[in-house]
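Step one of this worksheet: look at the structure below.
The values are calculated or read from the model by the stated rules, or taken from the named source; none is laboratory data. Fair warning: this is a prediction, and the values are worked out from it, not measured in the lab. Here the Cβ is made from the backbone with ideal geometry for all residues, glycine too, and neighbour counts use every protein chain on show. Please note that ligands, DNA and RNA were not included when accessible areas were found on the heavy atoms of the full protein model with its side chains. Shrake-Rupley method; radii C 1.70, N 1.55, O 1.52, S 1.80 Å.
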Amino acid sequence: MIGGFLGAGKTTTIGKLAQLYIESGKQVGIVTNDQATDLVDTHTLRNQGFRVGEVAGACFCCNFNELTATVEQLQEDQQPDVILAEPVGSCTDLVATVIQPLRQFHPNQFTVAPYGVILKPSHGRRILSGEPNAGFSPEAAYIFNKQLEEADFLIINRIDELSDERIDELVKLLATRLPQTPVLKISAKSGIGMQQLLDTVNQSAEGNGDPFGTRILELDYDRYAQGEADLGWLNANLKITAPEPFVLDDLLLKMMERLKQAFEDKQVETAHLKIIGSGPGFYAVANLVDREAPVELSLASQAELESCDLIINARVAIDPDSLKYLVRTTVDAVCHQQQLRSTFGDIQSFQPGRPVPTHRIAEVP
């Protein structure tokens, strides 16, 4: 598993890691995870040609049997050598609720790799530095810190976007907080450090006095539940049509910019916002990962289309009804301005419920 808070870059990292395994002759399966269906990450990875199973409706920890069933289906389809799994970005306690149950209930099926957690640079720096209101809420910051605490190794992503001084600052903050945890520095987008990440994931626990996946958390589930509930979640799909061809990349960027401004106007913080647009043979993805970050077209299509399908995933510190209203009105306004027709399909807007793990093994055998 590769964990990390919302917007840390897990999907891009897992995609690059999968490609490295494939280039070395391995068969790879990927499992994504979300609190609801219509996950941008799943569609993005599938459009890149990967075999992807999705566990929807709850975190891996609360839907453990669905996780193992999804892996079994991937095994039937392609017999992968490696499974890469991306947990929900607001999820923690994965050592006790996923890694230990895999080891104890499926010891002949899985060898569990070291568990890596990606640090979201801007968000992480604010929390680790103790800035006020740094983590959407104190309880959401609590989840962030617990994610780091249970990791076998930590990953500073997006180093191609950071100065040397900022990278050094993050390394020192992590060394102060978690001095025994190794830190890798990568850019999943450019490929910097990805070979080192592959080598780290491939380590064996044999002969290691402190095996991987043993850092069982002391966790306050009341704070954990509140931290997840402090964010509104939205997954929506819609159809865009027009009498004349439109540029898909431009449309996604306009929508993302207008949504960013709408959230700023309400003075609410964005944990992560993703939009994927797809048409016959084309797809594009736009992202916003932080209030301080620019809107990014992470995958460009360079396509002109008369219709496309969009999926929007938003994780924002606002109540679900307000989030749904802002997304719908903003998207409709952009489409009206561009003389496009937007037809919404399913819209799921909610706050995650209290985590109730299928298993929780609090002691390492």
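Here are some notes:
- Only listed residue being at pLDDT 95 or above and either crowded, with 20+ Cβ neighbours inside 10 Å or within 13 Å of the chain's Cα centre (by Cα) (or both), chosen from L20, L6, L45: L45
- Condition met for E257 (under 25 Å from A134 (Cα atoms), assigned to a loop (DSSP other than H, G, I, E, B), open to solvent by 20 Å² or more (accessible area, probe 1.4 Å) and at pLDDT 95 or above): no
- Number of positions in region 260-271 that are part of a helix (DSSP H, G or I) and in contact (Cβ under 8 Å) with a residue 60 or more places away in the chain: 2
- The selection criterion, being touching a strand residue (DSSP E or B) at 6+ places or on another chain (Cβ under 7 Å), assigned to a helix (DSSP H, G or I) and closer than 27 Å to G227 by Cα, does not hold for K274.
- Matching residues in region 41-96 - criterion: being of a type in the set (D, E, K, R) and either in contact with a helix residue (DSSP H, G or I) (Cβ under 7 Å, 6 or more places away or on another chain) or within 23 Å of G9 (Cα to Cα) (or both): D41, R46, R51, E54, E86, D93
- In region 48-148, counting only strands (runs of 3 or more DSSP E) that sit wholly within it, the ones holding 1 or more residues that are touching a Ser or Thr at 6+ places or on another chain (Cβ under 8 Å), at pLDDT 95 or above and open to solvent by 30 Å² or more (accessible area, probe 1.4 Å) span 51-56.
- Filter result (of a type in the set (S, T, N, Q) and either closer than 21 Å to N202 by Cα or touching a residue at least 24 places away in the same chain (Cβ under 8 Å) (or both)) within region 56-101: N63, N65, T68, T70, Q75, Q78, Q79, S90, T92, T97, Q100
- Scanning region 225-238 for residues that are within 18 Å of the chain's Cα centre (by Cα) and of a type outside the set (G, A, S) turns up E228, D230, L231, W233, L234, N235.
- Checking V285, V268, V295 one by one, the residue that is more than 24 Å from I143 (Cα to Cα) and over 16 Å from the mean Cα position of the chain (by Cα) is V295 and no other.
- Residue match in region 337-350 (condition: more than 30 Å from R103 (Cα to Cα), open to solvent by less than 20 Å² (accessible area, probe 1.4 Å) and touching a residue at least 60 places away in the same chain (Cβ under 8 Å)): no
- Residue within region 13-30 that is over 27 Å from L184 (Cα atoms) and among the hydrophobic types (A, V, I, L, M, F, W, C) present: no
- Hits in region 155-187 - residues which are touching a residue at least 24 places away in the same chain (Cβ under 8 Å), assigned to a helix (DSSP H, G or I) and either under 21 Å from Y115 (Cβ atoms) or under 22 Å from the mean Cα position of the chain (by Cα) (or both): I159, D160, E161, L170, L173, L174, R177
- Of the residues contained in region 188-198, none is found to be assigned to a loop (DSSP other than H, G, I, E, B), within 24 Å of T97 (Cα to Cα), open to solvent by 70 Å² or more (accessible area, probe 1.4 Å) and of a type outside the set (G, A, S).
- Close pairs (6 angstrom Cβ cut-off, 6 or more residues apart or separate chains): under 15 Å from T343 (Cβ atoms) in region 231-252, outside any strand (DSSP E or B) anywhere: N237/D38; I240/L340; A242/L340
- Test: residue in region 241-251 that is outside any loop (DSSP other than H, G, I, E, B), modelled with pLDDT of 95 or more, buried (at least 22 other Cβ atoms within 10 Å of the Cβ) and not basic (K, R): yes
Residue by residue, here is whether (1) among the hydrophobic types (A, V, I, L, M, F, W, C); (2) farther than 30 Å from A225 by Cα; (3) in a strand (DSSP E or B) holds:
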position	(1), (2), (3)
S298	no, yes, yes
I312	yes, no, yes
R315	no, no, yes
D321	no, no, no
R328	no, no, no
A333	yes, yes, no
T358	no, no, no
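- When E165 is tested against (1) surrounded by 13 or more Cβ atoms within 10 Å (Cβ to Cβ); (2) at pLDDT 95 or above; (3) among the charged types (D, E, K, R), only condition (1) is not met.
- Close pairs from region 1-27: first touching a residue at least 60 places away in the same chain (Cβ under 8 Å), partner in a loop (DSSP other than H, G, I, E, B) and of a type in the set (S, T, Y), Cβ under 9 Å, at least 6 apart: M1/Y115; I2/Y115; G3/T92; G3/Y115; F5/S90; L6/S90
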